[in-house]
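J.: Mind having a look at this structure? Questions to follow.
Read the figures in this text as sums done on the coordinates, not as results from a lab. Small disclaimer: the values here were computed from a predicted structure and weren't measured. Cβ atoms come from the backbone with ideal geometry, glycine included; neighbour counts cover every protein chain shown.
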Amino acid sequence: MTSWPPPAIVLTAGLGTRLRPLTEYRAKPAMPVGDEALACRILRRLSEAGIQEAVLNLHHLPHTVTREVGDGSQCGLRVRYSWEQPRVLGSAGGPRHALPLVEGDTVLVVNGDTLCDIPLRMLWEAHTTSGALVTLGLMPHPAPGRYGGVVLDAEGAVTAFVPRTSTVPSVHYPGIQLVRRAVLEALPDDTPAESVAQLYPQVMASTPGAVRGVVFDARFDDVGTVEDYRRTCRAFGTDARGNVIDAAATVAGTASLRDCIVWPGAHVPAGCVLDDVVVTGHVPLAAGQHLSQTTA
């Protein structure tokens, strides 16, 4: 079995449809969260945990991701890219397609559109001790009723994946998992496939107890919707008026902003009054313009 640290595959190919119109300008993992792109925050956390190599899969606006991440050196690890064209291959098909770029028996697969501080070394130790084919990093539900859940038996084996409407007690799966290479290699390459909706239930049926989970007390930050994105950005610090203004943005001295997020390169002209606006810079603002609760 692969020794620590395993290589990571970070899923950054998604379309981000719930985050439109922001994802018309940048792929979700390339969007700024605080003072750096979301993907860079994820990679930095992986590096701090000891991960040395990562592969990012790309599809939607790939240049916006590669522009932010580069070779990964600024995040403390080596990055390569797996290209998915003409279609997105999914949460299982994407890692399957990326396998030729990683070595070892086990890979760490991480969602590229959320932040979660599940302790990776502890997850690794649980995975290698149990001999599981798949081990999910889990946590108590951050928002019961909003997300689907995972049901575990008393020994930590996954027995079911349930929808968000289910009343069955379950825990939250933020998309961090350790997967034996053979599980992914069983899939045909370059073919869309999903992990929770397809692959893992098949593994559970053929090899009971082979998909396991470990529950940690962890923090989870989502950017699935525009409101989620606003909330997560503000969690990393604001100015006295609740704004998150990138150092590479320009805001005229006579502009008035409250609870706004201003992206790198954006310009807010003189006299603008903005309240709870995400300013991307892709829609020019006019001097003196008033906007509230929108994107620009």
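J.: Students often get this wrong, so try it: which of (i) 23; (ii) 26; (iii) 51 is percent of Cα pairs over 33 Å apart as calculated from the structure shown?
T.: (ii)
J.: Based on C-alpha coordinates, I'd like the Rg and Dmax of region 178-227, in Å.
T.: Values for region 178-227 (Cα only, Rg and Dmax): 14.5, 40 Å.
J.: Also, I was wondering about something else. DSSP loop (so not H, G, I, E, B), at most 16 other Cβ within 10 Å: list which trypsin sites (Lys or Arg not before Pro) in region 178-281 pass both filters.
T.: ARG219, ARG241
J.: List, largest first, the extents of the alpha carbons of region 47-104 along their principal axes, each in whole Å.
T.: Ordered largest first, region 47-104 gives principal extents of 32, 28, 15 Å.
J.: Now a separate question. Tally Lys and Arg at +1 and Asp and Glu at -1 over the other residues with C-beta under 9 Å from the C-beta of GLU53: what net charge comes out?
T.: Value of the local net charge: +1.
J.: List, in order, the whole-Hz ³J(HN,Hα) value for each residue of region 183-194 obtained from phi through the Karplus relation with A = 6.51, B = -1.76, C = 1.60 and θ = phi - 60°; use x for Gly and Pro.
T.: Each residue of region 183-194 in turn: 5, 6, 5, 5, 8, x, 6, 6, 10, x, 7, 10 Hz.
J.: If you filter region 73-157 for GluC sites (Glu not before Pro), then keep DSSP loop positions with at most 16 other Cβ within 10 Å, what is left?
T.: Taking region 73-157 and a limit of 16 other Cβ atoms within 10 Å, the loop GluC sites (Glu not before Pro) found are GLU103, GLU155.
J.: Taking Cα atoms of region 130-213, Rg/Rh with Kirkwood Rh, to two decimals?
T.: Rg divided by Rh gives 0.97.
J.: Treat each spin label as a single point 7 Å out from the Cα along the C-beta direction, and report the ALA186 to GLN198 distance in nm.
T.: Those two pseudo-labels are separated by 1.4 nm.
J.: Figure the gain on full extension for THR225 and HIS267 (residue separation times 0.36 nm, minus the Cα-Cα span) and round it to one decimal in nm.
T.: 12.7 nm
J.: Next question, about the same structure. Which residue fluctuates the most in the chain, going by a Gaussian network model with Cα springs under 10 Å, if the choices are ARG78, ARG26, ARG87?
T.: Highest fluctuation of the listed residues: ARG87.
J.: Compute the signed sum of charges (Lys and Arg +1, Asp and Glu -1) over the other residues within less than 15 Å, Cβ to Cβ, of LEU15.
T.: Once all neighbours under 15 Å are counted, the net charge is +1.
J.: Charges at C-beta only: +1 for Lys and Arg, -1 for Asp and Glu. How large is the resulting dipole of the chain about its Cα centre, in Debye rounded to 20?
T.: It works out to roughly 260 debye.
J.: From the helices alone, meaning DSSP H stretches of at least four residues, give me the mean residue ellipticity at 222 nm for the chain, per-run term -39500 (n - 2.57), in deg cm²/dmol to the nearest 500.
T.: Using -39500 (n - 2.57) per qualifying helix, the result is -6000 deg cm²/dmol.
J.: Going by Cα centres, region 87-106 and region 14-74 are how many Å apart?
T.: 17
J.: Rounded to two decimals, what is Rg over Rh for region 145-296 when you use alpha-carbon atoms and the Kirkwood radius?
T.: Using only Cα positions, Rg/Rh for region 145-296 is 1.18.
J.: How far, in nm, would the chain grow between THR159 and ARG20 when pulled straight, counting 0.36 nm per residue and subtracting the alpha carbon separation?
T.: Going from the current span to full extension adds 46.6 nm.
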